[in-house]
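Participant: Could you have a look at this structure, given as structure tokens, before my questions?
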Amino acid sequence: MSLKLIKYRLKKILYTRGNIKMGKQHKQKPIKQIKEYITEIEYQKLMTYLNGKDKLHACTKSNLARTFTLLYFTGCRLNEIKQLTVKDIKTIIEHNEFIIVTPKTHKERKLFFSKNAIKEIRKLFDMSKEDNENYIIGAKGDYSKTPSDTTFISIVNEFIHEVLGKRYSSHSFRSGLITEMSKSVNPKFIQKFIGHSDINTTMPYIKPTDEDLRACLVR
């Protein structure tokens, strides 16, 4: 009997005993962590912590403040916010709405802003000093260009992890807004507001809180 055949039969015996899988080692699937979403409490915590970071570069601080505020009120994706210019912000403030092109789908969608959202956005810009053509998210202090997607996402999520923990990310703003809206708004309207082409994409974003689940108890 050849050595190769002996090795094969030995592996088969071990496999039948549940020790290893044929051809490769058995790997345990990693545990899928619960992802938390961001409510007003977490948003305010981020902004308060950011305001206290005196040693943070002025451009980075401004980028994060603008990003967190727009994420909180719109549920946009980071690459949607990164493409906005000062001129776009002026349009938002004047008309309380704005049409953006979603990079992911290359489709237009309309954003709507409440009076409270406009009030908070105004605080982040000194329009007397802003250049219309500049981006609202600058790269190393230069607002004529914007950072790469990878760099921007990394900076935003690292800060969120530092303040709120690893269970949160920039996407937590999106799921937080959808979940809050789901308590009083028609799901079809939420789908349109958030920019999903299929309502089946919207529904998994709805994540009830522990308090919501406790309220479901009937026995």
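Participant: In contact with an Asp or Glu (Cβ under 9 Å, 6 or more places away or on another chain), over 14 Å from Phe193 (Cβ atoms) and assigned to a helix (DSSP H, G or I), is that true of Lys90? Explain how you work it out, then say what you get.
Facilitator: Working: in contact with an Asp or Glu (Cβ under 9 Å, 6 or more places away or on another chain): yes; over 14 Å from Phe193 (Cβ atoms): yes; assigned to a helix (DSSP H, G or I): yes.
Answer is yes for this residue.
Participant: Would you point out which residue out of Glu80, Glu130, Glu108 is outside any helix (DSSP H, G or I), under 24 Å from Met181 (Cβ atoms) and either under 17 Å from the mean Cα position of the chain (by Cα) or at pLDDT below 95 (or both)?
Facilitator: Only one candidate passes the filter, namely Glu108.
Participant: Quick check on this structure: which one of Lys166, Lys188 is of a type outside the set (Asp, Glu) and more than 15 Å from the chain's Cα centre (by Cα)? Write out each step before concluding.
Facilitator: Details: Lys166 fails: more than 15 Å from the chain's Cα centre (by Cα).
None of the others qualify; the one that does is Lys188.
Participant: Another question, then. Give the number of residues within the range 17-59 that are modelled with pLDDT under 85 and either over 13 Å from Phe173 (Cβ atoms) or not basic (Lys, Arg) (or both). Explain how you work it out, then say what you get.
Facilitator: Quick first cut of the range 17-59, residues modelled with pLDDT under 85 only: 17-35.
Those left that are additionally either over 13 Å from Phe173 (Cβ atoms) or not basic (Lys, Arg) (or both): 17-34.
Selection size over the range 17-59: 18.
Participant: Count, please, the residues in the range 60-105 that happen to be polar (S, T, N, Q) and farther than 23 Å from Ser172 by Cα.
Facilitator: Residues that pass the stated criteria total 3.
Participant: Taking only the range 140-155 into account, find how many residues are among the polar types (S, T, N, Q) and either surrounded by 12 or more Cβ atoms within 10 Å (Cβ to Cβ) or in a helix (DSSP H, G or I) (or both).
Facilitator: Of the residues in that region, 4 qualify.
Participant: Something else now. So, in the range 156-179, exactly how many residues are surrounded by 17 or more Cβ atoms within 10 Å (Cβ to Cβ) and assigned to a helix (DSSP H, G or I)?
Facilitator: Within the range 156-179, residues that are surrounded by 17 or more Cβ atoms within 10 Å (Cβ to Cβ) and assigned to a helix (DSSP H, G or I) number 14.
Participant: Keeping to the range 183-219, report how many residues are assigned to a helix (DSSP H, G or I) and crowded, with 18+ Cβ neighbours inside 10 Å. Spell out the reasoning first.
Facilitator: The initial filter retains those residues of the range 183-219 that are assigned to a helix (DSSP H, G or I), namely 187-194, 199-205, 210-214.
Then drop every residue that is not crowded, with 18+ Cβ neighbours inside 10 Å, which leaves 190-191, 193-194, 202, 205.
Qualifying residue count, the range 183-219: 6.
Participant: Out of the residues in the range 51-85 that are aliphatic (A, V, I, L, M) and buried (at least 17 other Cβ atoms within 10 Å of the Cβ), which is nearest to Glu158 (Cα to Cα)?
Facilitator: Here the residue is Leu64.
The values are calculated or read from the model by the stated rules, or taken from the named source; none is laboratory data. Just so it is clear, the structure is predicted and the values come from calculations on it, not from any experiment. Note that we place each Cβ from the backbone using ideal geometry, even for glycine, and neighbour counts take in every protein chain shown.
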